[in-house]
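Worksheet: the structure to be examined is printed underneath.
The values are calculated or read from the model by the stated rules, or taken from the named source; none is laboratory data. All of these numbers come straight from a predicted model, not from anything done at the bench. With ideal geometry, Cβ positions are generated from the backbone for all residues, glycine too; neighbour counts draw on all protein chains shown. Note: areas computed on protein heavy atoms with side chains; ligands, DNA, RNA excluded. Shrake-Rupley method; radii C 1.70, N 1.55, O 1.52, S 1.80 Å.
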Amino acid sequence: MDDVKPSTPLVSFLEILQHTAFNTFGNSNFDPKTYVDLPLKFPLSVTDHAFHNLSKSSTGSVSVHDLNRFIETYFHAAGHDLVYSDPEDFVPEPDGFLPKVKNPEVRAWAIKVHSLWKNLSRKVSSEVKTHPNYHTLLPVPGSVVIPGSRFREVYYWDSYWVIRGLLVSKMYKTAKSIVTNLISLIEEYGFVLNGARAYYTNRSQPPLLSAMIYEIYARTGDIELVKRSLPALLKEHEFWNSDIHKVNISDAQGCTRTLNRYYARWNKPRPESSTMDKASASKFTTVSEKQHFYRELASAAESGWDFSTRWMRHPPNFTTLSTTSVIPVDLNAFLLGMELNIAFFANVTGDNRTAEHFLQISDVRKEAINSVFWNANMKQWLDSWLSNTTHEVQVWDTLHQNQNVFASNFVPLWMKPFYSDALLVSNVLKSLKTSGLLRAAGVATSLSDSGQQWDFPNGWAPLQHMLVEGLIKSGLEEARSLAEEIAIRWITTNYIVYKKTGVMHEKFDVEHCGEFGGGGEYVPQTGFGWSNGVVLAFLEEFGWPEDRKIEC
């Protein structure tokens, strides 16, 4: 299988435009993604011709005035191809909304967070269907909920927590519409793309579609949705178990285990970050070194953790990204969840053979997770480094485990085979308490302050939610009590930041209650899909007593 997806002529052209804009406008407030999101007003050939006719200086740069006029003449604004969509299942305060939230101040805020679904609802404009080659936006059939700000299209793993929030908001139709869109991507491309843009067709994101369908089914009993989804989920499972994503490891007992890794089908700069990726790669001298580095960048983007010391051979040196050499704990936990969900769906729809098969392979994966990732001293599951990236069987060694503490080391707790084991949970609970990750305003992503956004001191909604939900589902009193403590801290910091800024944020500084997060490739974003979803899910689970204050 060729492991590089070709780019479209439009994306290639917009990348050139992005580099020209960078040279013309300079680095301050420059967001490279804006340029690859611009929809054409005229055919590409006409636009390209006009671009080549712009007068250029001896260094090849274009004047600010000329470039601005060119962009205005030949392009619509970024985001123009998604139009506002009024969700038909939105009501200002749904029946039975958050019955356990008794504090009037918190309740008023929760209703505002709920109302943000209206702001974030979009549908693909008819222009995209009429002239698909004028747009990098991919046409999806239903309405979507976008994360917010620069993320003006539907994203894969964000959608899981958006859906969790929509279910609290009783917006079942909107939730199903998102799932239908993601299924349409599998039908078209064989997997769920990172996001619905032509430049994302080379990679996926953490595979949580089956979990979205499971949650919708648990609330609505929609068996038709399950039936419609099953073929797509089987296709997605195949994608994640294809040769490029698969790794065979001979464990300490000499058993061969099969696990999976992130691996983007790409070896060029990511179009949405092309100027940055080229700058990062400039220290490499050969084409093959650069291509290797570009694949590692895109694979880190596939992980959702873009970027983190977790993927670096020699942190915090960014150019030592080696994502494809990491067997990630969380990815394999998500795939275990997918296998269990497929077995459940097959069972519900009467396909006993498929159910049986997926139960068997989920057992095999559970054994592999225990054998390769579990560290009995640290009582955590640790990512494992590959000694080489060939397709031969690798020999496992404890020395290959990444001993650094990341929130992802606790993600398997979110899966039933682990949270239902009381002895295991109490060990993991002790480990989490002494890990250094529990901070004033939530769970830190890592203990390394590298300036990357998926590192300390940032906390992210999905990580809080997976850990909290795993602890709750264990049924242990002590685990629930820690889960509630984390949720209270997280809700509080979200609330205080909202009070200060009037918006919900993508990430938060867990070291300082009431501060939003920073670092990474772009300015902090607001909106924000998964933050809204997790706050609503936490408030539904734990409520907020009338007499409990909400303050840092």
Item to check | Residue, least open to solvent (accessible area, probe 1.4 Å), within region 126-142, restricted to residues that are part of a helix (DSSP H, G or I) and farther than 11 Å from L10 by Cβ | outcome: V128
Item to check | Subset of region 294-318 [assigned to a helix (DSSP H, G or I) and either small (G, A, S) or in contact with a Cys (Cβ under 7 Å, 6 or more places away or on another chain) (or both)] | outcome: A298, S299, A300, A301
Checklist outcome for this item: Checked against (1) of a type in the set (A, V, I, L, M, F, W, C); (2) crowded, with 16+ Cβ neighbours inside 10 Å; (3) more than 22 Å from the chain's Cα centre (by Cα), A252 satisfies every condition except (2)
Checklist entry - Would region 222-239 turn up any residue that is open to solvent by less than 40 Å² (accessible area, probe 1.4 Å), part of a strand (DSSP E or B) and under 17 Å from N332 (Cα atoms)? => result no
Next on the checklist: Just to be sure before I move on: is E484 modelled with pLDDT of 95 or more and under 22 Å from L536 (Cβ atoms) in the structure I sent?
Outcome noted: yes
Checklist entry - Given the residues L82, L67, which is the only one that is out of contact with any Asp or Glu (no Cβ under 6 Å at 6 or more places or on another chain), hydrophobic (A, V, I, L, M, F, W, C) and within 30 Å of S115 (Cα to Cα)? => result L82
Checklist entry - Scanning for something touching a Lys or Arg at 6+ places or on another chain (Cβ under 8 Å) and open to solvent by less than 20 Å² (accessible area, probe 1.4 Å), does region 308-320 turn up at least one residue? => result no
Next on the checklist: Among the listed residues L166, L185, identify the single one that is in a helix (DSSP H, G or I) and under 25 Å from E541 (Cβ atoms).
Outcome noted: L166
Checklist entry - Does T275 satisfy the criteria of being in contact (Cβ under 8 Å) with a residue 60 or more places away in the chain, out of contact with any His (no Cβ under 9 Å at 6 or more places or on another chain) and open to solvent by 10 Å² or more (accessible area, probe 1.4 Å)? => result no
Checklist outcome for this item: In region 503-529, anything within 16 Å of T493 (Cβ to Cβ), touching a Gly at 6+ places or on another chain (Cβ under 8 Å) and not in a strand (DSSP E or B) is listed as V503, M504, E506, V510, G517, P524, F528
Item to check | Selection within region 441-466 - surrounded by fewer than 17 Cβ atoms within 10 Å (Cβ to Cβ) and either hydrophobic (A, V, I, L, M, F, W, C) or within 15 Å of W381 (Cβ to Cβ) (or both) | outcome: L447
Checklist entry - Can you spot a residue in region 87-104 that is surrounded by 12 or more Cβ atoms within 10 Å (Cβ to Cβ) and on the phi > 0 side of the Ramachandran plot? => result yes
Next on the checklist: I'd like the residue in region 99-111 that is in contact (Cβ under 8 Å) with a residue 40 or more places away in the chain and assigned to a helix (DSSP H, G or I) and, out of all such residues, is farthest from the chain's Cα centre (by Cα).
Outcome noted: P104
Checklist entry - Just checking, which of V364, V428 is of a type in the set (A, V, I, L, M), touching a Leu at 6+ places or on another chain (Cβ under 7 Å), part of a helix (DSSP H, G or I) and within 25 Å of N341 (Cβ to Cβ)? => result V428
Item to check | Test result for K118, on the phi < 0 side of the Ramachandran plot, at pLDDT 95 or above, open to solvent by 10 Å² or more (accessible area, probe 1.4 Å) and in contact with a strand residue (DSSP E or B) (Cβ under 8 Å, 6 or more places away or on another chain) | outcome: no
Item to check | Any hit, region 484-497, residues being closer than 17 Å to P147 by Cβ and touching a strand residue (DSSP E or B) at 6+ places or on another chain (Cβ under 8 Å) | outcome: yes
Checklist outcome for this item: Within region 151-185, residues open to solvent by 10 Å² or more (accessible area, probe 1.4 Å) and either within 20 Å of L40 (Cβ to Cβ) or modelled with pLDDT under 95 (or both) come out as R152
Checklist entry - Considering only residues of region 278-322 that are closer than 16 Å to T445 by Cβ and of a type in the set (S, T, N, Q), which is nearest to the chain's Cα centre (by Cα)? => result S303
Checklist entry - Looking only at region 136-174, which residues are of a type in the set (A, V, I, L, M, F, W, C) and more than 17 Å from the chain's Cα centre (by Cα)? => result L137, L138, V140, L166, L167, V168, M171
Checklist entry - Considering F410, F344, which residue is out of contact with any Gly (no Cβ under 7 Å at 6 or more places or on another chain), of a type in the set (F, W, Y) and open to solvent by 60 Å² or more (accessible area, probe 1.4 Å)? => result F344
Next on the checklist: Only one of E469, E484, E515, E541 is open to solvent by less than 30 Å² (accessible area, probe 1.4 Å) and on the phi < 0 side of the Ramachandran plot. Can you tell me which?
Outcome noted: E469
Next on the checklist: Six or more apart or on different chains, Cβ atoms under 7 Å: show the pairs whose first residue is in region 297-322 and on the phi > 0 side of the Ramachandran plot and whose second is of a type outside the set (F, W, Y) and modelled with pLDDT of 95 or more.
Outcome noted: G304/Q205; G304/P206
Next on the checklist: Out of everything in region 367-387 that is assigned to a loop (DSSP other than H, G, I, E, B) and touching a residue at least 12 places away in the same chain (Cβ under 8 Å), what residue ends up being nearest to L424 (Cα to Cα)?
Outcome noted: K379
